[in-house]
1. Go through 99, 92, 81 for me and flag whichever is surrounded by fewer than 14 Cβ atoms within 10 Å (Cβ to Cβ), at pLDDT below 80 and either of a type outside the set (A, V, I, L, M, F, W, C) or in contact with a Pro (Cβ under 8 Å, 6 or more places away or on another chain) (or both).
2. Restricting attention to segment 48-58, and to residues there that are touching a strand residue (DSSP E or B) at 6+ places or on another chain (Cβ under 9 Å) and part of a helix (DSSP H, G or I), which single residue is surrounded by the fewest Cβ atoms within 10 Å (Cβ to Cβ)?
3. Taking residue 43 as the residue in question, decide whether it is in contact with a helix residue (DSSP H, G or I) (Cβ under 8 Å, 6 or more places away or on another chain) and either at pLDDT 85 or above or not small (Gly, Ala, Ser) (or both).
4. State all residues of segment 15-47 that are in a strand (DSSP E or B) and open to solvent by less than 50 Å² (accessible area, probe 1.4 Å); if no residue qualifies, say none.
Amino acid sequence: MEIDLASLPDKKYFSMGEASNLLGVKDHILRYWEKAFKNFFSVRRVSNRRMFQKSDLITFLKIKELSKKGLNVKAIKKVLEEGDLSFELEVEIIESLKEVLKILKT
């Protein structure tokens, strides 16, 4: 599911439900990512409710894409810390290694 960031509502904060609907993932997944990647989010709590900013939604999107590529939490943290340039290289290496593994298994 592709999200046009320009089409996001012009709001400062998004509730858990809004973020979940926009990103196409369940609430519990967002809570897990928030806990696992707590250094990458600036979550504000209002009346004990999580409120996410647009930058948080972008981070969630990156995590979602990286997890689709098969990366685990530790690898995703490394990618987020180093930036997107290293991500492309790592994905290429992972894909190459998967191909080698397939060849070796046959």
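The values are calculated or read from the model by the stated rules, or taken from the named source; none is laboratory data. If you're wondering where the values come from, they're calculated on a predicted model, not measured in any experiment. Every residue, glycine among them, receives a Cβ derived from its backbone with ideal geometry; neighbour counts consider all protein chains shown. Accessible surface areas use protein heavy atoms only, side chains included; no ligands, DNA or RNA. Shrake-Rupley method; radii C 1.70, N 1.55, O 1.52, S 1.80 Å.
1. Within the list 99, 92, 81, the selection yields 92.
2. 54
3. yes
4. Matches in segment 15-47: 15 only.
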